[in-house]
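A short write-up of the structure that comes next.
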Amino acid sequence: MNKRILGAICLIASFFNTALAQGLQLDTILLLNSQKVYGKVIDTTKNLVKYQYIGKKGKQFESGIETERVFSIKYADGKESLLYSPDSTNDEEFSVEDMRYFIKGQQDAYEHYKTKKSFYTGIGMGLVGTYVVTPMVILSPVVPGIYSFVNGSRWMKIKKMKGATAEDLTKDTYLMGYTKVVRNKRIQSSLKGSAIGLAVGITTMYIFRDQRIGLFD
């Protein structure tokens with residue numbers, strides 16, 4: 001067997017053995033946008049968090065994330081290293097506690113808030129937009145576009161914030177994080193539904209138009 005291949009296999013096996021020894025718990029890099037990245041952190045200098053991870057087919061890779069995007073690193077042994085450091089001279093920056101609640105609000109919204117209503121209403125608005133502006137098809141996205149904007153802008157009711165605790169709901173930054181994600185999810189779902197509605201509406205409009213033309217040929 002080629003020595004390089006054998007060496008690679010040994011390296012991968014060593015990495016997996018380390019993970020198994022730690023109960024399959026790798027380090028967790030928590031980003032300010034609430035996303036989590038799992039891997040083995042190997043360096044946190046030079047404004048970059050470098051980590052190793054196993055990709056598909058068991059191949060080992062190395063990557064990095066800018067430190068300014070990272071809130072904290074929770075190591076496999078349970079220890080946390082806080083990388084977020086607010087500027088004390090800037091009153092608009094969140095404190096460490098406020099940022100924790102902001103991130104938690106985003107996480108809860110990603111996990112619990114569903115957007116089926118926005119999606120299906122978007123389909124309806126796409127269909128409506130097709131026929132309202134007929135025969136000026138080029139303007140058909142106007143109606144669903146306005147709906148998506150309005151849907152994303154409307155306020156999120158506190159009583160509908162699933163996953164939130166009573167304490168969470170008393171924190172302004174938690175509410176900010178939750179509503180930020182909700183608005184983005186509403187807009188994205190509305191646009192996806194609208195695109196489907198427009199496609200269906202325009203297609204059927206041209207089919208029926210061709211049929212009407214065929215009747216008079």
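The values are calculated or read from the model by the stated rules, or taken from the named source; none is laboratory data. Keep in mind that what you see is a predicted model, and the values were worked out from it rather than measured. Glycine also receives a Cβ, built like all others from the backbone with ideal geometry; neighbour counts cover every protein chain displayed. For accessibility, only protein heavy atoms count, side chains too; no ligands or nucleic acids. Shrake-Rupley method; radii C 1.70, N 1.55, O 1.52, S 1.80 Å.
Quick one: length gained pulling I196 to K57 fully straight, 0.36 nm per residue minus the C-alpha distance? Don't skip to the answer; put the middle values down first.
Values: separation 139, 0.36 × 139 = 50.04 nm, distance 3.59 nm.
Taking 0.36 nm per residue and subtracting the Cα distance, the gain is 46.4 nm.
Work out the FRET efficiency for V142 and Q35 from their Cβ-Cβ distance, taking R0 = 30 Å, and round it to the nearest 0.05. All intermediate terms of the calculation are to be shown ahead of the outcome.
Values: r = 34 Å, r/R0 = 1.13.
The formula returns an efficiency of 0.30 here.
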- Task: Grab the other residues whose beta carbon is less than 14 angstrom from that of D77, score K and R as +1, D and E as -1, and report the net.
- Result: +1
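Work out the FRET efficiency for T203 and K117 from their Cβ-Cβ distance, taking R0 = 25 Å, and round it to the nearest 0.05.
Details: r = 24 Å, r/R0 = 0.98.
After rounding, the FRET efficiency stands at 0.55.
What accessible area per residue comes out for the stretch 22-172, rounded to a whole number of Å², with a 1.4 Å probe? Write out the running numbers ahead of the final one.
Values: 9780 Å² over 151 residues.
Ligands and nucleic acids excluded, the result is 65 Å² per residue.
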- Message: Straight-line reach from K185: which aspartates and glutamates fall under 14 Å, measuring Cα to Cα and dropping same-chain residues less than 8 apart?
- Response: D108, E111
- Message: At 7 Å along Cα-to-Cβ for each site, give me the label-to-label distance between T89 and D172 in nm.
- Response: 2.4
- Message: Which order do you get for K180, K114 if you rank them by accessible area with a 1.4 Å probe, largest at the top?
- Response: K114, K180
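Cross-link list K114/K180; K116/K162; K116/K160; K74/K104; K36/K162: which exceed 18 angstrom alpha carbon to alpha carbon?
Values: K114/K180 14 Å; K116/K162 15 Å; K116/K160 15 Å; K74/K104 15 Å; K36/K162 21 Å.
Cα-Cα > 18 Å for K36/K162; rest within.
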- I42-T28 pseudo-label distance in nm [points 7 Å out on the Cα-to-Cβ vector]: 2.4
